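Below: the structure, in structure tokens.
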Amino acid sequence: MSEIFLSKTNNEEVSVGGVGNKPRLQGNMGVAELTMSVLAFSAPLMTVTGMLPVLLMYSGYKSVPIYLYSTLILLLFSVGFVQMGLRMLRPGGFYAFITDGLGRSAGLGAAFLAMVMYPIVGFVGPPYFALVLKGYVEGYGGPVIPWYVYGFLYVLLIGALAFRKIDLSAKILTLVMILESLIVVVFDYVSFVHGGPSTEGGVGFGWPGLTDKGFGIGLLFVVGTFLGFEATVIYRDEVRNPLRTIPLATYYAIVGIGIFYAIGTWAFITYYGASNVQAAATANTTGLFVSIMQHFFGKVIIDIVTILIMTSMAASTLSVWNVSARYLHSLGTDGVLPAFLGKVHPRHHSPYVGTTIIGIVYGAGVIFFGAIQFDPTKLYALASGVGSFGVMLLLFAASIAIVVYFKKNKFESVSVWSTFVAPVLSVIGIGFSIYLALAKYGDLLGASGAITIIFILITFAIPVVGFFYAQRLRVKKPDVYQRIGRQEP
């Protein structure tokens, strides 16, 4: 490695190569806070109320095993991911991982894709939050205000939080996660206790076949709920004892997401009965969760759930915003993009320039789509589909990079299982998910034909641009080229 790391008495890493006296990203997150920051990415209450009913609509009582399958694939990925992270002692996320495995040009291509796709995923927040708040205010006789006004105020609020030190975000995300989780646990409890009779399927669920239509479509939704766990390595400079915190948070996040949502899905099946759950989800997709809670707790629970849905969305946007800003910070630090992107706030120790740029993009996006009167319900669906597919491509590239990295670098202290078998199995599993995503990409966009092809071509063109830009840097600015992937010359 070109960077030199010294061990402090508290076992934290200290980079002394190329840092000098410049302010660095700093934080004091532990395992619990980092895990909660990652889990907030998937917006638990949002997922249970909005995503799981859609999964059940397509896959019915066979939905639970799809979560188990996805959890297994991502755990296999995390085996090599964690092992590589223990040896690649640099921040940068997939940008750094793919650079070390597949080379600087591929790494920069991945960074460009991340730089575009993570903010797109985060743009789900403003229109969705605005619609929920708008409906809530008007439901109580409040004024009729355009959605984009709420959306712009939402951007200002999340931007103010993202601007501050990561520890503040982590504390807020942890609190919101606890409240969301309590609501879902209550839902699970009443569903299992008051579930449908055995004649309607009871607590049973079935195993889907690989050729089942519901399996393919359902897998797309499920994999999307896991996106964000890889952010653990992005916060390397902002956690306590990263060699311990990051591996534990990665495993906890994957297992936590898989089990939490699998139980939630099973709770729906138990309540409605395996024989009826698919029809119930089809008939009342958006109200499936609320109808159960209202039945047991009355209308007051609707207000509580609505408020927590909004905070859930806010926590998710904050999590994605933080990740997006740190990708810009990494590219600015390396000199690939303008150096001011790598600036760190002297007091908050946050990537405040990248954070501000994300806010400007989001604010402009809200104003633009509001001005052209674009349907906000289609807007957040479009952002979710396009962004999630792009991040899945990053995950696939990273899985290949892990295999190649351990092929090029031999370490006596790790097993073949960790460096080859598990990573190869994850390549196969994630690749299969990518294949299904391509096959159903039109459904993700809510479009077909030429529009679908254009979006696919743009998505694949972004990393290609990054790849060839790296080649140009290799000739024109070799010193910058050497720094690609958070590597110091």
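The values are calculated or read from the model by the stated rules, or taken from the named source; none is laboratory data. Keep in mind that this is a model prediction, so the values were computed, not measured. Every residue, glycine as well, gets a Cβ built from its backbone with ideal geometry; the counts of neighbours run over all protein chains shown. Accessible surface areas use protein heavy atoms only, side chains included; no ligands, DNA or RNA. Shrake-Rupley method; radii C 1.70, N 1.55, O 1.52, S 1.80 Å.
May I ask you to work out the translational diffusion coefficient for segment 30-100 at 37 °C, viscosity 0.692 mPa s, via Stokes-Einstein with Rh from the Kirkwood sum over Cα pairs, reported in whole µm²/s? Once the numbers are plugged in, D ends up at 222 µm²/s. Quick one: grab the alpha carbon gyration tensor of segment 40-192, order the square roots of its eigenvalues as a ≥ b ≥ c, and give me rounded if a/c is under 1.5, else prolate or oblate depending on whether a/b is larger than b/c. Oblate, since a/c reaches 1.5 and b/c is not below a/b. Take Leu72: with every protein chain present and a 1.4 Å probe, its accessible area is about 100 Å². In this label model, Ile456 and Val361 are separated by 2.5 nm, measuring between points 7 Å along each Cα→Cβ vector. From the Cα gyration tensor of segment 367-489, with a ≥ b ≥ c the square roots of its eigenvalues, which class applies: rounded if a/c is under 1.5, or else prolate if a/b is larger than b/c, or else oblate? In terms of gyration-tensor shape, oblate. Multiplying the residue separation of Phe468 and His295 by 0.36 nm and subtracting their alpha-carbon distance yields 56.5 nm. The length gained on full extension between Val475 and Ser275, counted as 0.36 nm times the residue separation minus their Cα-Cα distance, comes to 65.6 nm. Per-residue accessible area (protein heavy atoms, 1.4 Å probe) orders Arg347, Arg240, Arg104, Arg474 as Arg347, Arg474, Arg240, Arg104, starting from the largest.
When Ser388, Ser191 are compared by accessible area at a 1.4 angstrom probe, the order from most to least is Ser388, Ser191. Residues His345, His329, ordered by accessible area of protein heavy atoms at a 1.4 angstrom probe radius and largest first, appear as His345, His329.
Spatially, segment 177-191 and segment 77-111 are offset by 36 Å when compared through their Cα centroids.
Relative contact order of segment 303-425, please, whole-number percent, based on alpha carbon pairs below 8 angstrom and at least 6 residues apart.
Value for segment 303-425: 13 percent.
Using a/c under 1.5 as the rounded threshold, could you call segment 103-162 rounded, prolate or oblate? The axes a ≥ b ≥ c are square roots of the C-alpha gyration tensor eigenvalues, and prolate needs a/b larger than b/c, oblate otherwise. Verdict is prolate for segment 103-162. Sorting the segments 425-435, 452-462, 268-278 by their mean number of nearby beta carbons within 10 angstrom, highest to lowest, gives 268-278, 425-435, 452-462.
For Glu412 and Asp375, FRET efficiency with R0 = 56 Å and r from the beta-carbon atoms, rounded to 0.05?
0.45
Each of Ile145 and Val404 was given a label point 7 Å from its Cα along the Cα-to-Cβ line. The distance between the two points is 5.0 nm.
Extension gain, Phe420 to Phe192: 0.36 nm times the residue separation minus the Cα-Cα distance gives 78.0 nm.
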